[in-house]
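The values are calculated or read from the model by the stated rules, or taken from the named source; none is laboratory data. Keep in mind it's a predicted model, so treat the numbers as computed, not measured. All Cβ positions, glycine included, derive from the backbone under ideal geometry; neighbour counts span all protein chains shown.
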Amino acid sequence: MSGAEAGIERAPVTDWLAANVPGLVAPVTFTLVAGGRSNLTYRVEDAAGAAFALRRPPTGGVLSTAHDMGREWRFLSALAPTAVPVPQPLAYCADPAVTGAEFYVMEFVDGLVLADLDAGLRLAPSARPCAGRDVVDVLIRLHEVDPVEVGLGDLVRSRGYVERQLYRWHRQVHRSGAANLDLLDEVHDLLAARVPAQGDGIVHGDFRPGNMAFGPDGRVRAVFDWELATTGDPLADLGWLVATWQLPDAGPGPTTPGPSAAPGFPSQDELVARYAKTSGRDVSNLPYFVAFARWRSACIMAGVHARYLAGVMGDDGYLDQARQRGEQAEALVHAARDALRDLGIGGIG
């Protein structure tokens, strides 16, 4: 990798790593393994052949408040001693002068990231049922963690998770310049009018197989991407997982790509039944949280679409896909409205 790799200043980062990461032997190489509109992840390999992962925010074109490295680091550090599989956090750099932004270093966890259908097909058919079950079991273990007991008590808010999220994404989509917001506004108002009672727990915010590394047996080795993590009702994570979990020719389409259309993965109903039976939680309000997940995803897609059309995201080859996601956003928000009407929320129009 050249010293001009986006987001990495080779010399100062190498010096910082050598001084702060236990066991790391300079010099090191950097390879970008995940980037774009989310936080950037680099594989760092040292002179002894050991591998680490470095996370930092994108280099531009995004809201800095959505890419808080300190928040990710806090959640990783809090969950590392628990039964939730996360990469071991190793070192945190709070000085943006080192490479233009704060960053942290964690254990590099090898595994198959089930980000889409192709990845799902690469997992052995015999391992796919296990992968679905283990995703649910890991989610249950996450929701068993008391945020106060692991040092995250100051993040517990008196205002409910749904109310905070409705406010955040409604405001953000209006600031994005997206057009034709009437339907998004209508569904926002329906959701806001009938917010169910909520519990407190840790919410990952983007809990899905695309943010996990799996072993060849289908077991989850690590959960990544804690940039949206907060505290709130655990059903928000289950609703998001169900909304991403698409089987062939079923439903309005997933909120984001995933592996579950590959033969052998459990159905949405099987995921929910396993969660309810194993956790003992009441899931009767789950349809509301699935509708909320679709609305939230539609807001995100509409905002990204608007920013690309405005030219503020540059030409990185994503524009055509952004247009498709803009169309998908409309389908998702229609599905959210239909689901809410099925629940008796809103009229027929």
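Structural remarks
- The numbered conditions (1) in contact (Cβ under 8 Å) with a residue 60 or more places away in the chain; (2) of a type outside the set (A, V, I, L, M, F, W, C); (3) out of contact with any His (no Cβ under 9 Å at 6 or more places or on another chain) are all true for Ser279 except (3).
A quick yes/no check of all residues on (1) modelled with pLDDT of 95 or more; (2) of a type in the set (Phe, Trp, Tyr):
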site: Phe214; (1), (2): yes, yes
site: Gly218; (1), (2): yes, no
site: Arg221; (1), (2): yes, no
site: Thr231; (1), (2): no, no
site: Pro234; (1), (2): no, no
site: Pro252; (1), (2): no, no
site: Phe265; (1), (2): yes, yes
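- Within this structure, His170 passes the test of being within 19 Å of the chain's Cα centre (by Cα), more than 30 Å from Asp137 (Cα to Cα) and in the same structural domain as Gly132 (by TED's automatic domain parsing).
- Scanning the stretch 191-207 for residues that are touching a Leu at 6+ places or on another chain (Cβ under 7 Å) and free of Cβ contacts under 8 Å to residues at least 60 places away in the same chain, we see that the one that is farthest from Asp154 (Cα to Cα) is Ala192.
- Any pair with Cβ under 6 angstrom, 6 or more apart, that starts in the stretch 89-101 at a residue that is touching a residue at least 24 places away in the same chain (Cβ under 8 Å) and in the same structural domain as Gly23 (by TED's automatic domain parsing) and ends at one that is of a type in the set (Phe, Trp, Tyr) and assigned to a strand (DSSP E or B): Cys93/Phe103
- Whichever residue in the stretch 182-226 is crowded, with 20+ Cβ neighbours inside 10 Å and among the acidic types (Asp, Glu) and, among such residues, is nearest to Ala53 (Cα to Cα): Asp225
- Only listed residue being closer than 22 Å to Val220 by Cα, crowded, with 18+ Cβ neighbours inside 10 Å and among the aromatic types (Phe, Trp, Tyr), chosen from Phe103, Phe108: Phe108
- Any chance Val135 is closer than 15 Å to Tyr42 by Cβ, buried (at least 18 other Cβ atoms within 10 Å of the Cβ), modelled with pLDDT of 95 or more and β-branched (Val, Ile, Thr): no
Let's see how each residue does on (1) touching a helix residue (DSSP H, G or I) at 6+ places or on another chain (Cβ under 8 Å); (2) within 17 Å of Gly264 (Cα to Cα):
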residue	(1), (2)
Pro129	no, yes
Gly132	yes, yes
Val136	yes, yes
Glu149	no, no
Val156	no, no
Gln165	yes, no
Leu183	yes, no
Arg194	yes, no
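- Verdict on Arg175 being surrounded by fewer than 20 Cβ atoms within 10 Å (Cβ to Cβ) and modelled with pLDDT of 90 or more: no
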